[in-house]
Structures are given as structure tokens and as C-alpha cells.
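> Would you mind keeping the following structure in view while I ask a few things?
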Amino acid sequence: MTTTSEPTALVAAISGALAEWGEDDRALLASIVNVARSIFGAAASSIFLYDHEAGELVFEAVAGEGAEFLIGTRFPADRGIAGWVAATGEPMVVDDLASSALFARDLAESTRYVPNAIMAAPVLHRQEVLGVLQVLDPHPQSRSSIADLDLLMMFAGQAGLSLNGLTRGRTARAALHGAGAEFERLADMVRLLAEMPLERRAAGLKLVDSLQAMLIELAV
Amino acid sequence: MTTTQDTAGLTWHLLDRRPRDISIETGDSGLVTPEWAWGGATGAGVRVCIVDSGVEAGHPLVGELAGAHGVQPGQDGLTVAPVPAGDAFGHGTACASIVRRMAPECEIHSVRILGENGGGTGDALLAGLAWAVEQRFDVINLSLSTARPQFNRALRELADEAYFNRSVIVASAHNARIESFPWRFSSVISVGSHAEEDSAVVLYNPRPPVEFFARGQAVPVAALGGGTTRNTGNSFATPHVSGLSALILSKHPRLTTFELKTVLYLTAANVRRAESRGA
């Protein structure tokens with residue numbers, strides 16, 4: 001778990017004060033599921049975040065069926081196709097699901113949509129499984145082939161970058177709101193500077209320079 | 001140590017190519033043919049272990065399960081103990097059904113390393129595989145791998161132990177172009193997917209480290225609850241080679257892992273004798 005003492009968390013925290021952390025990443029995730037759904041001619045596409053601590057998968061982005069109500073929904077990661085993909089870091093395609101009564105009932109309960117085919121790929125970042133990209137009921141010509149699995153993995157690669165950005169931002173915010181109240185003050189200062197009119201910002205930065213010099217003396 | 005760099009020349013599966021595109025000539029005398037290797041064989045007397053998410057008991061496509069074990073937390077780390085047969089993910093059941101189809105009379109055992117009790121870690125894989133090697137199963141189907149390099153050495157030592165004890169580890173190549181283990185080791189039989197709709201077609205890869213390709217696209221398999229699905233991925237190519245290995249070993253039980261791998265090579269659908277050129 002990242003803590004306030006880690007430089008990356010601090011850098012992310014300060015950056016977060018200057019820009020709206022996560023907005024671009026969220027938009028990219030939404031774009032990925034939209035494009036995946038379109039390319040595969042699918043009924044729906046979604047990206048789950050793998051919450052390792054809770055052992056759950058959380059809907060982060062949804063296109064198509066369920067888009068209105070699924071985001072934020074959690075379900076256990078220790079079963080099902082998405083669970084297997086999260087546990088192993090391996091993609092897979094399962095077709096003809098209608099013949100598996102048990103599977104259909106499970107999905108109906110959790111997503112209110114019962115697909116006949118699922119393509120699922122791990123969302124990886126530096127070989128860590130961050131989540132799962134799933135495509136439900138792709139067009140019959142776009143399912144069950146190794147080439148389609150490869151294409152899905154490429155999308156999942158993009159999702160890995162944005163999901164990593166999103167989780168880093170959240171970790172940074174958690175660090176700020178947790179044990180690091182002092183760093184929240186620092187972030188407030190950066191935010192104030194960023195919002196200042198240009199003519200006053202120079203004076204503000206001079207003040208920061210002076211403060212920094214004093215802090216350096218204190219630190220020695 | 002293998003790394004994640006420079007993987008451009010590696011082949012994980014046979015994409016956009018057909019068996020004739022990787023035709024190989026061999027100087028073999030022609031004595032080792034499919035008929036010699038497994039003609040009339042059923043897999044009887046061969047013990048196959050599915051190291052995976054467990055296997056659903058009583059599935060019509062799996063039949064009798066000779067044993068069900070699972071990796072569990074113990075006082076001194078992970079242990080393997082008998083568990084009620086079951087499968088939370090359906091993956092192991094799917095793999096078992098392919099082995100059964102290939103080698104109808106083999107004995108199928110299961111050791112669950114994924115699913116309940118926080119399995120799914122490299123530690124669980126290591127514990128489950130170590131147990132299977134210790135039990136000296138004839139064939140160990142491992143449609144899984146770990147990308148964590150800290151398990152590399154221990155897995156390599158296990159694979160070597162299995163190799164010299166005539167336990168054949170048949171391991172899936174990762175579906176993505178990333179390095180993982182143990183399929184990368186030469187002491188195991190590594191398997192990727194081809195796109196042929198024929199479960200009998202096994203191909204030798206002239207550009208290892210993946211040594212064999214088998215059917216991995218839209219494979220009819222057992223699904224949880226007694227049903228069936230069609231699954232795609234290297235996971236489902238691997239049990240084809242496990243099943244074929246069981247057939248060969250049931251007919252030639254004294255083969256070493258080295259000899260078995262050679263038989264698989266000589267009988268691969270894309271390997272032909274030099275004198276048959278132009279035939």
C-alpha cells in the first residue's frame with residue numbers, strides 16, 4: 001500500500017492539486033469500452049477494477065447493456081470467468097454459455113444481463129493484474145478466434161495505462177486524506193498559487209522561494 | 001534469467017499461419033508413427049493430474065474423478081489436503097473434459113490452486129505443483145503460469161525433478177506476449193494454440209520456446225453445472241497434449257519425458273520424413 005512517505009504518492013498528490021486527477025483516465029477507460037464494444041459488435045463491454053484487499057471486482061467503465069446502473073457495483077473475484085482472468089492474468093473466450101444453467105443464473109443475479117458469449121482479458125500494468133476488460137456477446141464473427149483474443153489483449157493494454165493512472169490518483173488522495181494532513185496544507189498552497197491571477201503569482205512564488213530557503217536551513 | 005525484454009522473436013501461438021506454413025523435415029527412420037505411438041490406446045493405467053481451479057465431480061464430460069485435493073493455509077505455510085470435488089471458476093473442469101475426450105480411460109486427479117481460501121498466488125501454484133510432482137503423476141496438466149520472477153528458480157527445480165522422475169508437466173504458454181513460468185523451461189512440454197478445428201492435430205513449433213501447438217480455438221468443453229461451452233485460449237490447447245501424452249504412455253509406459261517429447265515431435269502433424277518430400 002502506498003503511504004505519504006513514498007515520493008511517488010507525494011508527487012501525485014501535488015500534481016493532483018494542479019489538475020483534476022483521474023478525469024482523463026476515466027474518459028480513456030470509457031473510450032476503450034466504447035471502442036471495444038463497437039469493434040467487436042458486442043452488446044456490452046466493461047472494465048473492472050480488481051480490489052485485491054476486498055477480493056472483489058468493481059465495475060469502473062461500462063458501455064452498452066447495464067451502463068446506467070453497473071458502475072461501482074462489486075462482486076466476488078473468486079468465481080466466474082472474470083474472476084478466473086483476474087486470478088491468473090490470462091485472457092479467455094467462452095462461447096455457448098446458454099448451455100450452462102449455473103453460469104447464466106449467476107450472471108443474471110449480478111448484472112441483470114445474461115450473455116451467451118464472454119471475452120475477457122486481464123488489465124495489466126507492469127505484470128500486475130489491475131482489473132479485467134470484458135466484452136459480452138460479441139458478433140459471432142468476432143468471437144472464439146485467437147486473433148480476436150489478441151485484439152482484446154491490445155485494448156486491455158491501453159486500459160492498463162489508464163487504470164493505473166486512476167488508481168495512483170486515488171492512492172494519492174487517500175494519502176492526503178489519511179495520515180498526511182500536513183501535506184494537504186501543502187496541496188492547498190499549490191492550488192492557491194495555481195488559481196492566482198498571473199500578476200500576483202510571481203509574488204506568490206517569491207514567497208514560496210523564501211519559505212523553501214528557510215526550510216532548507218531547518219533541515220540541515 | 002529470462003526477462004520481459006526482446007520478445008519479438010518468440011511465438012506464443014500460431015496466428016495467421018497454417019500447419020503447412022511450418023512444415024518440418026526430419027531424418028527419422030519412420031518407425032515412430034501415430035499408429036505405433038498411440039494406435040488402439042485408451043489412456044488406461046495412466047494417472048493425470050489437473051493442477052487448476054478444481055474439477056466438478058460427476059460432470060458427464062469428465063466422468064469419474066480419482067482424487068480431489070486443494071492447496072490450503074496450514075501452520076507452516078500452504079499445504080495440500082483432500083477436499084470435496086468442486087470448481088469455482090470452471091477452468092479446471094473444462095481442461096479435465098478435454099483430457100477425458102483424448103484419453104477416455106485415464107485416471108484423472110485434481111489439485112485446486114485457484115478459488116477458495118485465497119488461492120491463485122504464485123505460492124499456491126508452487127505448492128500444488130510440488131505436491132503433484134511428489135505424487136509422481138504420469139502427466140501433470142498445468143494450464144496456468146506465473147509472471148513473478150521470484151518463483152522462477154523454485155519452479156525450475158520442480159520441473160527438473162519431475163523430468164527425471166518421469167512425471168510429464170504439460171504447461172500452457174501465456175496467452176499474452178509476456179514471460180511467465182514454468183512453460184518456458186525445456187524440462188516441461190509447453191503448448192500454445194493453433195486455429196485448426198481438429199483436436200487430433202498437434203503441431204511442433206520450429207521456433208520455440210513454445211514447443212507444441214494444439215487446438216485452442218472454440219474448443220468444446222465441459223461447463224459448470226453439467227453443461228458445455230466452447231472456450232478459446234492456450235489453456236485449452238494444453239489438455240490436448242496432456243491427453244495425447246496419456247495415450248502414448250498407456251501404450252509405452254516405460255518412456256522417459258525426453259523420449260515422450262521426441263515421440264510427440266516425430267508424430268506431429270507438420271513433421272514429415274525427408275524421403276516423403278513431394279509426396
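> How high is the FRET efficiency from B:Asp160 to A:Arg170, r the C-beta distance, R0 51 Å, rounded to 0.05? Display every interim value, and only then the final one.
Details: r = 44 Å, r/R0 = 0.85.
The pair B:Asp160/A:Arg170 has a calculated efficiency of 0.70.
> Among A:His52, B:His240, what is the fewest-to-most ranking by other Cβ atoms within 10 Å? Each step should come with its number before you reach the end.
Working: A:His52 12, B:His240 30.
With the sparsest Cβ surroundings first, the list reads A:His52, B:His240.
> Taking 30 Å as R0, compute the FRET efficiency from the Cβ-Cβ separation of B:Ala274 and B:Leu15 and round it to 0.05. Before the final figure, lay out the partial values.
On the way: r = 28 Å, r/R0 = 0.94.
My answer for the efficiency is 0.60.
> Now for a separate question. I'd like the Karplus ³J(HN,Hα) series for segment A:154-164: coefficients 6.51, -1.76, 1.60, θ = phi - 60°, whole numbers in Hz, and an x wherever there's a Gly or Pro.
For segment A:154-164, the Karplus curve yields 5, 4, 5, x, 5, 4, x, 5, 6, 5, 5 Hz.
> By count of other Cβ within 10 Å, fewest leading, how are B:Val48, A:Val114 ordered? Don't jump to the answer; show the numbers that get you there.
Working: B:Val48 29, A:Val114 17.
Exposure proxy ranking, most exposed first: A:Val114, B:Val48.
> Another question, then. What per residue convex hull volume, in Å³, comes out for segment B:42-271 when only alpha-carbon positions are used? Spell out each step's value before the answer.
On the way: hull volume 24.5 nm³, N = 230.
Taking only Cα atoms, segment B:42-271 has a hull volume of 106 Å³ per residue.
> Something else: What does the average come to when, for each residue of peptide B:233-239, you count the partner chain Cβ atoms lying within 10 Å of its Cβ? Intermediate results must be reported in sequence, preceding the final value.
Details: counts 9, 5, 5, 2, 1, 0, 0.
Counting other chains' Cβ atoms within 10 Å and averaging over B:233-239 gives 3.
> So, one more: With a 10 Å radius around each residue's Cβ, average the other Cβ atoms per peptide and rank A:28-39, B:100-111, B:213-224, A:199-210, highest first.
Working: A:28-39: 19.8, B:100-111: 23.1, B:213-224: 25.6, A:199-210: 11.1.
Highest to lowest by the protection proxy: B:213-224, B:100-111, A:28-39, A:199-210.
> If you don't mind, another one. How many Cβ atoms of partner chains, on average, are near each residue of B:87-96 if near means within 10 Å of its Cβ? Before the final figure, lay out each step's value.
Values: counts 1, 7, 11, 9, 9, 1, 0, 2, 0, 0.
Neighbouring Cβ atoms belonging to other protein chains average 4 per residue here.
> Highest GNM mean-square fluctuation, chain B, Cα pairs closer than 10 Å: which of B:Arg230, B:Arg17, B:Arg112?
Result: B:Arg17 has the largest fluctuation of those listed.
> Taking θ as phi - 60°, what are the ³J(HN,Hα) couplings along segment A:129-145 by the Karplus curve (6.51, -1.76, 1.60), each to the nearest whole Hz, with x for Gly and Pro?
Here the 3J(HN,Hα) series is 7, 8, x, 9, 9, 10, 10, 9, 6, x, 4, x, 7, 10, 10, 6, 10 Hz.
> Take every residue in peptide B:216-225, count the Cβ atoms of other chains within 10 Å of its Cβ, and give the average of those counts. Can you show the working numbers first?
Details: counts 2, 7, 7, 2, 2, 2, 1, 8, 7, 8.
Per-residue shielding by partner chains comes out at 5.
> For the protein assembly as shown, what is the mean residue ellipticity at 222 nm derived from helices alone (per DSSP H run of n ≥ 4: -39500 (n - 2.57); sum divided by total residues; nearest 500 deg cm²/dmol)?
Working: 13 runs with 189 residues, N = 499.
Counting only the DSSP helices, I get -12500 deg cm²/dmol.
> Mind putting together the pair-distance distribution for the protein assembly as shown? All Cα pairs, 10 Å bins, whole percent per bin, short to long.
In order of increasing distance, the bins hold 4, 18, 27, 22, 13, 7, 4, 2, 1 percent.
> Hey, with R₀ at 56 Å, roughly what FRET efficiency would A:Lys206 and A:Glu128 work out to, going by the Cβ-Cβ distance, to 0.05?
Working: r = 43 Å, r/R0 = 0.77.
Once rounded, the FRET efficiency stands at 0.85.
Values quoted throughout were computed directly from the atomic coordinates according to the rules given, and no laboratory measurement underlies them. Given the structure is predicted, the values throughout are model-derived calculations rather than measurements. We place every Cβ from the backbone using ideal geometry, glycine too, and count neighbours over all the protein chains shown.
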